[in-house]
Protein chains: 2
Amino acid sequence: MKDSASYQKKKRFFEGMITLYGRNAVEEVLDDNAVEIHALHLAESNKQEGVIDRITAKARARDVEIKYHSKAALSRISRNAKQDQGVALDVIAPSYQSAEALLESPASSGRLLALDGIHNPQNLGMIIRSAAAGNIDGILLPKQGSAKLSPLVMKASAGTLFKLPIYYCDTLPEILETLQAQGWSIFGLSSHADATLHTLAVPAKTVFVLGNESEGMSDAVAAHCNARVAIPMQRGVESLNVAVTAALLAFLPAGE
Amino acid sequence: MKDSASYQKKKRFFEGMITLYGRNAVEEVLDDNAVEIHALHLAESNKQEGVIDRITAKARARDVEIKYHSKAALSRISRNAKQDQGVALDVIAPSYQSAEALLESPASSGRLLALDGIHNPQNLGMIIRSAAAGNIDGILLPKQGSAKLSPLVMKASAGTLFKLPIYYCDTLPEILETLQAQGWSIFGLSSHADATLHTLAVPAKTVFVLGNESEGMSDAVAAHCNARVAIPMQRGVESLNVAVTAALLAFLPAGE
């Protein structure tokens, strides 16, 4: 039992680790004391100057382990040879956690956004920013088919990446099924729905599902929705940007 | 008097002309019968193939004048040598008109968005899309300090560029002053304001002003606001993306 619990803990630790890269992004995160940092990775080929000096000094000041690698090994860590600039950072954001944590401590109320196939990092960052600013308690982000939490997402989130819970899972359907069994209502946004957001009484425990911008929700996810809901539009406009839709949901008046 | 009226008409005609460029953008606009096309400009160096054939055929079918130019002359027309791909199109969108038209036919109600320094074409396109889909009657877009109506804006607007009135002017303050004199209330969005959007009773004739994302409203524009209004945010988030703010305004419930 103890071994299994320890294994689970370790597994979650590594699953919940985000590896960021790029000199500006890494320096910005080193400045954010709310984020726990696991390790700083540097390419041996980096010239010791300017921003690299600052990054090294900031990591030392925070007692962060610094590891040096060949350029090729660093690319394997960052998974983005083109944009890592010889710098990567493993962070443990308490806000980034397994969706199982959500299932294990059932809430009596809440509003979640579930993202089904948001590939565009800029959209994902904007969604996180609006959700953090609005009345959303967390984002469900499947590891499959979503943009990775990267410096691009971080930039578009304008400093809000670690401000609200982001629950990762492998795929959405399994989590939505369990949430539904726990009394959550699942509403899929769809421009073809008959029900509209204006007339919707938002239940105390609600998950709003946003699909991919061009293709909408996947069938597997749509099958788990209690209902589909549309945002009424003027002038025959057919759809809204997905980050705009997320913002309209995030700023729906809070429940009673 | 007649000459002056004719001059004014001609002046407005050319001011209201939008020159788009790039093969895909031009082909897309040629397919949109709601848009009046003044002339198609082609570089003599274009190979007569594929998309150029289609563009030429579509222009002929619509009886649009086709003008051939040297590559350098075409760049002067498109004002974007890097992205014109040897193709430019002068369009007259009835929805794109001088703000004077707005002043000359005073409305009894309406909601306008005034954009003070939106440089980013993607933000401008997203704002147009949300405004067209929502309860906004028109956008006030100063020629100075705004992104030009370009293919980038068109793409981000997702086909909505010509769907709602866009009123151009040289600078905002003069127009805002006249609108105010005509009974419009001018509200500047600002994260530092005491008044919030939740508690605001939106008057029948309202202009919402959105400032530049990093610098906010200019002082000259801020001086013309009846009040500044904030959107309340959670978790200490300091600002929203300007296109998101525009969407929240566009989807405020319509007036009684």
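Figures for the structure shown
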item: Test for B:Ala246: is it surrounded by 17 or more Cβ atoms within 10 Å (Cβ to Cβ) and at pLDDT 95 or above; result: yes
item: Residue within the stretch A:45-54 that is without any contact (Cβ under 8 Å) to a residue 12 or more places away in the chain, in contact with a Ser or Thr (Cβ under 7 Å, 6 or more places away or on another chain) and not assigned by TED's automatic domain parsing to the domain that holds A:Glu177 present; result: no
item: Any chance B:Ser78 is crowded, with 21+ Cβ neighbours inside 10 Å and among the polar types (S, T, N, Q); result: yes
item: Among residues of the stretch A:205-219, those that are in contact with a strand residue (DSSP E or B) (Cβ under 9 Å, 6 or more places away or on another chain) and farther than 23 Å from B:Phe251 by Cβ, counted; result: 2
item: Residue among A:Asn241, A:Asn226 that alone is surrounded by 21 or more Cβ atoms within 10 Å (Cβ to Cβ) and out of contact with any His (no Cβ under 9 Å at 6 or more places or on another chain); result: A:Asn241
item: Cβ-Cβ under 6 Å pairs, at least 6 apart or on other chains, the stretch B:62-90 side in contact (Cβ under 8 Å) with a residue 12 or more places away in the chain, far side surrounded by fewer than 18 Cβ atoms within 10 Å (Cβ to Cβ); result: B:Glu65/B:Ala39; B:Lys67/B:Ala39; B:Tyr68/B:Glu44; B:Lys71/B:Ser45; B:Asp90/B:Met17; B:Asp90/B:His38; B:Asp90/B:Ala39
item: Residue within the stretch A:187-208 that is of a type in the set (Phe, Trp, Tyr) and more than 19 Å from the chain's Cα centre (by Cα) present; result: yes
item: Residue that is nearest to A:Leu152 (Cα to Cα) [pool: residues in the stretch A:1-57 that are of a type in the set (Ser, Thr, Tyr) and surrounded by 13 or more Cβ atoms within 10 Å (Cβ to Cβ)]; result: A:Tyr21
item: Total residues in the stretch B:84-108, condition of a type in the set (A, V, I, L, M) and buried (at least 21 other Cβ atoms within 10 Å of the Cβ); result: 7
item: Extreme residue, surrounded by the fewest Cβ atoms within 10 Å (Cβ to Cβ), among residues of the stretch A:114-142 that are touching a residue at least 60 places away in the same chain (Cβ under 8 Å) and away from every other protein chain (no Cβ under 14 Å); result: A:His119
item: Scope the stretch A:79-89; condition in contact with a helix residue (DSSP H, G or I) (Cβ under 8 Å, 6 or more places away or on another chain) and not aliphatic (A, V, I, L, M); matching residues; result: A:Gln83, A:Asp84, A:Gln85, A:Gly86
item: Subset of the stretch A:27-45 (residues that are within 19 Å of A:Arg79 (Cα to Cα) and β-branched (Val, Ile, Thr)); result: A:Val29, A:Ile37
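Okay, residues lined up against (1) over 14 Å from the mean Cα position of the chain (by Cα); (2) closer than 22 Å to B:Gly145 by Cβ:
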{"site": "B:Ala61", "(1), (2)": "yes, no"}
{"site": "B:Ser78", "(1), (2)": "yes, yes"}
{"site": "B:Gln85", "(1), (2)": "yes, no"}
{"site": "B:Arg111", "(1), (2)": "yes, no"}
{"site": "B:Asp116", "(1), (2)": "no, yes"}
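The values are calculated or read from the model by the stated rules, or taken from the named source; none is laboratory data. None of these values were measured; they are calculated from a predicted model. When we count neighbours, we look across all protein chains shown, and the Cβ atoms used for this are built from the backbone with ideal geometry, even at glycine.
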